2 protein chains.
Amino acid sequence: MSQISSPGVTRMQKTSIATVCLAGTLEEKMRAAAEAGFHGIEVFEPDLVASPLSPEQVRDLAEELGLTLDLYQPFRDLEGVPEEQFQQNLGRLEAKFQLMRRLGVDVILLCSNVGTATSWEDPVAVEQLRRAADLAAGYDIRIAYEALAWGRFVNTYEHAWSLVEQADRPNLGLCLDSFHILSRRGDVTGFRDIPGEKIFFVQMADAPIMLMDVLSWSRHHRNFPGEGGFDLVTFMRELYATGYTGPVSLEVFSDIYRQTESVRTAREAMRSLQWLDDAQAGDVPAHPTGWDFAEVRAAEPADLAEVLVQLGFEDRGRHRTKDVHLFATGNARVVTNDRVEAPLEHAGGSVIASVGLQVPDPRSTADHARALHYPKAWRANRADEMVLRGVQAPDGTEVFLAPTSSAAPQWVEEYGRNDAGRTAGSAASGDAGAGSRPADVVPGGVEGDGLILGIDHVNLAQPWQWFEEGVLFYRSLFGLAAQVSNDVASPQGLVRSEVMRTPDGAVRIPLNLIPHGLDPGRSAEARPLSGHVDRDELRLKAAYPQHVAFLATDAVEVARRARGRGLRMLPVPSNYYEDLAARFDLDGDFLAELQRNDVMYDRDEGGEFLHFYTRTVGTVFFEVVERRGGYEGYGAGSAPVRLAAQYDLDRQ
Amino acid sequence: MSQISSPGVTRMQKTSIATVCLAGTLEEKMRAAAEAGFHGIEVFEPDLVASPLSPEQVRDLAEELGLTLDLYQPFRDLEGVPEEQFQQNLGRLEAKFQLMRRLGVDVILLCSNVGTATSWEDPVAVEQLRRAADLAAGYDIRIAYEALAWGRFVNTYEHAWSLVEQADRPNLGLCLDSFHILSRRGDVTGFRDIPGEKIFFVQMADAPIMLMDVLSWSRHHRNFPGEGGFDLVTFMRELYATGYTGPVSLEVFSDIYRQTESVRTAREAMRSLQWLDDAQAGDVPAHPTGWDFAEVRAAEPADLAEVLVQLGFEDRGRHRTKDVHLFATGNARVVTNDRVEAPLEHAGGSVIASVGLQVPDPRSTADHARALHYPKAWRANRADEMVLRGVQAPDGTEVFLAPTSSAAPQWVEEYGRNDAGRTAGSAASGDAGAGSRPADVVPGGVEGDGLILGIDHVNLAQPWQWFEEGVLFYRSLFGLAAQVSNDVASPQGLVRSEVMRTPDGAVRIPLNLIPHGLDPGRSAEARPLSGHVDRDELRLKAAYPQHVAFLATDAVEVARRARGRGLRMLPVPSNYYEDLAARFDLDGDFLAELQRNDVMYDRDEGGEFLHFYTRTVGTVFFEVVERRGGYEGYGAGSAPVRLAAQYDLDRQ
């Protein structure tokens, strides 16, 4: 699939997708798969049964769309039963063979018995598999036998292989399914014992690591490779080591993808295979090296400016041609809008419209994004301005790609200091001048008070239908890995949070899954399914709380000075500090200093964490964090307190 | 709680609810609990920590609201640890005792150690519990020790009791939690070994029976008593047998209730305790004996009339004072609107606005509904018209209560045949006359062709936030029990379906949980949280597919005649019949007859099921079912086919 291919590295030859992965009718599923560039599909029987298309029409449609029909599935509960029942099962099976001939499919998926096998002897099953294969041979059909993770007697691929090997028929082989194997923590190095030509089919699915009965986990929570927590790279490498050259197909049962638009899902599915193919070939993206900027747009930009200046940011003025403003301190750069946009005003909110990431080679990352069919982010630029390549994340956030640099980025020069045309925040700007101490020069940054070093993390809210895509986006394009996943209680529901980050922590992006009850975009009209940010999408994003966190050398000092400049912090209840005192053995003066400045505290094995939040402007707020020692978290214990305080303020 | 109390029957003395059950701030939770009539609350520590109210303010607020503060919870990971760590834990514990004194709470919940106990000896834990109790005694505080289902060493109440008994302190007792006990299938008859005065607290929660790791199950899927599948009645009876007279409290961690409006949730919580109290006392509601009618309102009432007449219903004319029409055959009665209502037109849909259930004593059921605080359903009536008492189900459907009767209900006489003012459906009405054979007289019913006997079931779609409440509504008021729960695949997501029914099957109500992606009312504005049906709510309901199923003696014959009258059936794909042939050994002529008439088929151990669906009018459609032998299902295998066909038609 990828253009880059080294000698000795196997690449994916043929891609396929089970129709059950996609929403809609069978015809819609097929069109979506074709549009996304899949070579073939697996025909999921219930989709065919519910379709008004005859088998012949399905065959013709596939041909018209350039799709191969790679597998008919599933056939259940055939083997390991008494002879009389087996005879009936063979009748059922033969009816499917006849159907498959009309469809033009020549491989059937046979799942290990989960229901009707009540006693079990391997030799009986072997003999029955052999007879089924002999029947199939008359129809030129091959049987791919798959061990379901919850199979009654056969639930490992090793056991399935032993039966297939003993049955010894050329048209009887295996189907290997990553979910069934990895959900039981199966050992994929055992693939080496299987000749590649006896693997008839391969089904890939990822899944979040959950404690759950494997059947429910499988039926509801699978996702596409790269979206979950399975080691699919090793799976693929071991698979290729057998000499397997057949289709690599996706079989994902997902409550989410069952209800999202099928063309978008199919594109995501294809991307997941591209990521997998690259990853198994060792072709991994270079990590971003840091944050270039964050862009916040607000219905009330003057409010944004005020908060930033109170935090110690310098007002670097207006862009020479655009209605945007730059605020900077150290290596932290925030771009804000000067004009109010109608959709934002309507939503009454604000939005983290874009972020800039520094990458070793922006062109190569942009090319990679194009190869993965992520939509381009586009901004009008004048010829003499620096053009950053950009890409749209699944939630609509634009991610711009800047070159790695320890100096201030070139585009900063496009902003003029003390622009007279600006009124918003100018009073605060004066304050900042008064409040700032002799500037410490931060390497690569702008002048400032030296307390804020740069951006620590950017917290992006994800509507439920885009969360999984967000994970793959940051993983496939930037090599970020999921750090932690937890549920945070808010007064309006649980928020699932997963942090995508670089190994060195230079870039950290917590993705927050918004509870259904809070989802403001849940009417069918408002739910944008396109890959492009439009006005509705901007409105949608603007309704969620999001924030930018800055890394400081001394969070308490930043808080103290900011309060001196009039900043309203998010108030922290005194109960929080009493609880802190009961949990940690803290010095009384230190605790009092935290409380006076609404600074929160956490500690773990690695170190300490001090942080505070500003008031919210629309729906965006800022955080200032200080990491002492090796603390790698985000103050998880304080998130519910923060959410409750924000909710409380919202209601006032 | 209940007015009715027999000698020898224990009744609930004191109700309480943990603040974690409810959404919002601590203050909102407290106000909601008070408004719903709870005697007291459990203070969930994270709610207090996140609250701007000081402990003293919480105490004052509780007093003002007439609430007692019954429990402070949870305290974790105290016992079974090395001495040095225990000393620290005692410090942590004492800080909470001081806090509790400021709050005025004198019982603390101590959970069995899940994290820090790495080796375990009962005597060590006993000694540490004893020392904790002695410390508590100095603050006049009692400790309620609870075995968490996932406790590292202590995970049964029997084990917890053995430690408490050995520690032998008057202020050390147990907390019994129904979830922790029943999720592990604990034996509640063992309560008898515990003196009632050593049970310091009781927490009740129900839960759907799920295969899931117990921690996730507990944290996300608990619900209120009567909404789930646990045997809480036996739990309560065994509890009372110990002599326990303390608070019965609710502790429900629910992803749903965490995000729904707290006042509504608190009312539902109170209802769940009323149901539980009645049920344990053997005070169970009389089952409905059958269906009186179903009322469908449509944006295009003429379409409704046409379909009903084509099915063999007789147009019984217009109501003498209201703009509604009656269609009847056998004991099946459907009331439709004559005028189009604006909200329906706006939604472009139709709605099952109400159903009539025959009950042995409507007044007593209505009184019961009032005692449970279900809102009344209200229709304007003239003095000479029969007034049916009515109640609103959580989804807004109005349920009217008619007396059990084998004769046609009296209200039928309020409709005049061949009303000249009616135009809608009059053409079809003529058809019906022509098509009908000499009428068989159905006992208690109206004339008809004798093929349709009555209503079999009414399928009501439930928005996700009301599903659990719907289960309790039909259980608490009508004694219906949950029959089956399964997931049905639709082209737009999985639909969870649970059937509430009487033991004899006279009334069956499948509740279908609509997938989030299909939820049309998910914008905050559109989500009605009141208990009363308003225009918005009607719109919301009108956007979901719902249906009324009629029981017939011969479904194929009904289909044949209806087709003769021009009925458009929901088309069933021929693939369905081919699959049927592979699955069941059916006679070829029979199969052809089914297919010719778009009649679907199922079979189980009990018997056979034949059924067909009509085209959809707005969002409502009709089904005709025939049950042969003891078939008790609903043709589960055909639901995905039906949903796909409806989706397909919608798109055309």
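The values are calculated or read from the model by the stated rules, or taken from the named source; none is laboratory data. Only a predicted model underlies this, so the values are computations on that prediction, with no experimental measurement involved. So basically every Cβ, Gly included, is an ideal-geometry build from the backbone, and we count neighbours across all protein chains shown. Quick note on the areas: whole protein, heavy atoms, side chains included, nothing else; ligands and nucleic acids left out. Shrake-Rupley method; radii C 1.70, N 1.55, O 1.52, S 1.80 Å.
When you scan the stretch A:179-206, how many residues do you find that are open to solvent by 50 Å² or more (accessible area, probe 1.4 Å) and either in a helix (DSSP H, G or I) or in contact (Cβ under 8 Å) with a residue 60 or more places away in the chain (or both)?
Qualifying residue count for the region: 4.
Tell me which residues, restricted to the stretch B:457-508, are assigned to a strand (DSSP E or B) and in contact with a Phe, Trp or Tyr (Cβ under 6 Å, 6 or more places away or on another chain).
Within the stretch B:457-508, B:ALA461, B:MET500 meet the criteria.
Identify the residue in the stretch B:14-26 that is more than 9 Å from chain A (Cβ to nearest Cβ) and part of a helix (DSSP H, G or I) and, among all such residues, is surrounded by the most Cβ atoms within 10 Å (Cβ to Cβ).
Only one residue tops the list, namely B:CYS21.
Answer yes if at least one residue in the stretch B:568-579 is more than 14 Å from chain A (Cβ to nearest Cβ) and either surrounded by fewer than 21 Cβ atoms within 10 Å (Cβ to Cβ) or at pLDDT 95 or above (or both), and no otherwise.
Yes: one or more hits.
Could you list all residues from the stretch A:57-88 that are open to solvent by 10 Å² or more (accessible area, probe 1.4 Å), in a helix (DSSP H, G or I) and either in contact with a strand residue (DSSP E or B) (Cβ under 6 Å, 6 or more places away or on another chain) or under 26 Å from A:VAL202 (Cα atoms) (or both)?
Those that are open to solvent by 10 Å² or more (accessible area, probe 1.4 Å), in a helix (DSSP H, G or I) and either in contact with a strand residue (DSSP E or B) (Cβ under 6 Å, 6 or more places away or on another chain) or under 26 Å from A:VAL202 (Cα atoms) (or both): A:ARG59, A:ASP60, A:LEU61, A:GLU63, A:GLU64, A:LEU65.
Is it the case that B:GLY8 is open to solvent by less than 20 Å² (accessible area, probe 1.4 Å) and in a loop (DSSP other than H, G, I, E, B)?
no
Just one of (1) within 13 Å of another protein chain (Cβ to nearest Cβ); (2) open to solvent by less than 10 Å² (accessible area, probe 1.4 Å) trips up B:THR614, so point out which.
B:THR614 satisfies every listed condition except (1).
Of the residues A:GLU42, A:GLU35, which is more than 13 Å from chain B (Cβ to nearest Cβ) and either within 22 Å of B:ALA636 (Cβ to Cβ) or open to solvent by less than 20 Å² (accessible area, probe 1.4 Å) (or both)?
A:GLU42
Yes or no: A:TYR647 open to solvent by less than 30 Å² (accessible area, probe 1.4 Å), closer than 21 Å to B:ALA95 by Cβ and within 14 Å of chain B (Cβ to nearest Cβ)?
Considered against the rule, which asks whether it is open to solvent by less than 30 Å² (accessible area, probe 1.4 Å), closer than 21 Å to B:ALA95 by Cβ and within 14 Å of chain B (Cβ to nearest Cβ), A:TYR647 comes out as no.
Quick check: is even one residue across the stretch A:88-97 within 23 Å of A:HIS180 (Cα to Cα) and not β-branched (Val, Ile, Thr)?
No, there is no match, as no residue in the stretch A:88-97 is within 23 Å of A:HIS180 (Cα to Cα) and not β-branched (Val, Ile, Thr).
Enumerate the strands (runs of 3 or more DSSP E) found wholly within the stretch A:287-360, keeping only those where 1 or more residues are buried (at least 24 other Cβ atoms within 10 Å of the Cβ) and hydrophobic (A, V, I, L, M, F, W, C).
Ranges flagged: A:290-298, A:324-329, A:332-337, A:350-359.
Within the stretch A:107-162, can you find the residues that are touching a Leu at 6+ places or on another chain (Cβ under 7 Å) and small (Gly, Ala, Ser)?
A:SER112, A:ALA125, A:ALA132, A:ALA133, A:ALA144, A:ALA160
Can you pull out every residue in the stretch B:89-107 that is touching a strand residue (DSSP E or B) at 6+ places or on another chain (Cβ under 7 Å) and within 13 Å of chain A (Cβ to nearest Cβ)?
Correct list: B:LEU93, B:LYS96, B:MET100, B:LEU103.
Given the options A:ASP598, A:ASP587, name the one that is within 27 Å of B:LEU93 (Cβ to Cβ) and open to solvent by 20 Å² or more (accessible area, probe 1.4 Å).
Result of the check over A:ASP598, A:ASP587: A:ASP587.
Would you mind finding the one in B:LEU109, B:LEU69, B:LEU78 that is within 26 Å of B:ARG237 (Cα to Cα), in contact with a Cys (Cβ under 9 Å, 6 or more places away or on another chain) and modelled with pLDDT of 95 or more?
On inspection, the qualifying residue turns out to be B:LEU109.
For the stretch A:243-264, indicate whether the set of residues that are assigned to a helix (DSSP H, G or I), at negative phi, surrounded by fewer than 22 Cβ atoms within 10 Å (Cβ to Cβ) and touching a Pro at 6+ places or on another chain (Cβ under 8 Å) is non-empty.
yes
Within the stretch B:212-232, take every residue that is open to solvent by less than 30 Å² (accessible area, probe 1.4 Å) and hydrophobic (A, V, I, L, M, F, W, C) and give me the one that is nearest to the other protein chains (Cβ to nearest Cβ).
Restricting to residues being open to solvent by less than 30 Å² (accessible area, probe 1.4 Å) and hydrophobic (A, V, I, L, M, F, W, C), the top hit is B:TRP217.
This table checks each residue for (1) open to solvent by 10 Å² or more (accessible area, probe 1.4 Å); (2) more than 14 Å from chain B (Cβ to nearest Cβ); (3) modelled with pLDDT of 85 or more.
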residue: A:VAL441; (1), (2), (3): yes, yes, no
residue: A:GLY450; (1), (2), (3): yes, yes, yes
residue: A:LEU453; (1), (2), (3): yes, yes, yes
residue: A:ASN459; (1), (2), (3): yes, yes, yes
residue: A:ALA481; (1), (2), (3): yes, yes, yes
residue: A:ALA489; (1), (2), (3): yes, no, yes
residue: A:ALA506; (1), (2), (3): yes, yes, yes
residue: A:LEU513; (1), (2), (3): yes, no, yes
residue: A:PRO520; (1), (2), (3): yes, no, no
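So, A:ALA543, is that one modelled with pLDDT of 55 or more and more than 14 Å from chain B (Cβ to nearest Cβ) or not?
Criteria not met by A:ALA543.
When B:ILE209 is evaluated against the numbered criteria (1) open to solvent by 10 Å² or more (accessible area, probe 1.4 Å); (2) out of contact with any Ser or Thr (no Cβ under 8 Å at 6 or more places or on another chain); (3) in a helix (DSSP H, G or I), which criterion, by number, is the only one it fails?
Here B:ILE209 meets the rest and fails (3).
Here's a check for you: in the stretch A:491-504, which residue that is open to solvent by 10 Å² or more (accessible area, probe 1.4 Å) and of a type in the set (S, T, N, Q) is farthest from the other protein chains (Cβ to nearest Cβ)?
Applying the filter and picking the extreme gives A:SER497.
Counting just the residues of the stretch B:619-632 that are open to solvent by 20 Å² or more (accessible area, probe 1.4 Å) and part of a loop (DSSP other than H, G, I, E, B), which one comes out farthest from the other protein chains (Cβ to nearest Cβ)?
If we take residues in the stretch B:619-632 being open to solvent by 20 Å² or more (accessible area, probe 1.4 Å) and part of a loop (DSSP other than H, G, I, E, B), then B:GLY630 is farthest from the other protein chains (Cβ to nearest Cβ).
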